[in-house]
Amino acid sequence: MTEDIHIRRKRLRYRSRYTGMKETDLLLGGFAERYLAAFDDAQLDQYEHILGAGDGRIYDWITGKEDVPAAYGGAIMDLLLNFKIEA
């Protein structure tokens, strides 16, 4: 049985708020609040894949310390990088 999309969004919202680093908690938590409600399953898959990279790597990508690997690039990562600029 597949996970209900509402439960999945709630789980990803929680995971975004509690990454292990305060900086990514704030950034990803705000991003999740703004965008997750509108994401479809494919977009949630992409976002979950990004979260799987770990907070340290995500922080390095957001701050420009490292380039985003191709495996994590795409529309959701672009949205996240642009959100960083707005935040």
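Write out the chymotrypsin sites (Phe, Trp or Tyr not before Pro) in region 1-84 meeting two conditions: DSSP loop, and at most 15 other Cβ atoms within 10 Å of their Cβ.
The qualifying sites are Tyr18.
Working note: Karplus 6.51/-1.76/1.60 with θ = phi - 60° gives region 58-66 the couplings 4, 4, 5, 5, 5, 7, x, 5, 10 Hz, where Gly and Pro are set to x.
Computed from point charges on the beta carbon alone (+1 for Lys and Arg, -1 for Asp and Glu), the dipole magnitude for region 5-86 about its Cα centre is near 400 Debye. With the helix formula -39500 (n - 2.57) applied to DSSP H stretches of n ≥ 4, the chain reaches a computed 222 nm mean residue ellipticity of -21000 deg cm²/dmol.
Close amide H pairs (under 5 Å, H built 1.01 Å from N) link Met21 with no residue at least 5 positions away or on another chain.
Couplings for region 20-25, taken from phi via the Karplus curve 6.51 cos²θ - 1.76 cosθ + 1.60 with θ = phi - 60°, read x, 10, 4, 4, 6, 4 Hz in order; Gly and Pro are left as x.
Can you tell me how much longer the chain between Lys22 and His49 gets when fully stretched, taken as 0.36 nm per residue apart minus their C-alpha distance, in nm with one decimal? Before the final figure, lay out each step's value.
Working: separation 27, 0.36 × 27 = 9.72 nm, distance 2.02 nm.
Residue separation times 0.36 nm, minus the Cα-Cα distance, leaves 7.7 nm.
Taken together, the values in this text are just the output of simple stated rules run on the coordinates, not laboratory data. What you see is a predicted model; the values in this text were computed from it and never measured. Every residue, glycine as well, gets a Cβ built from its backbone with ideal geometry; the counts of neighbours run over all protein chains shown.
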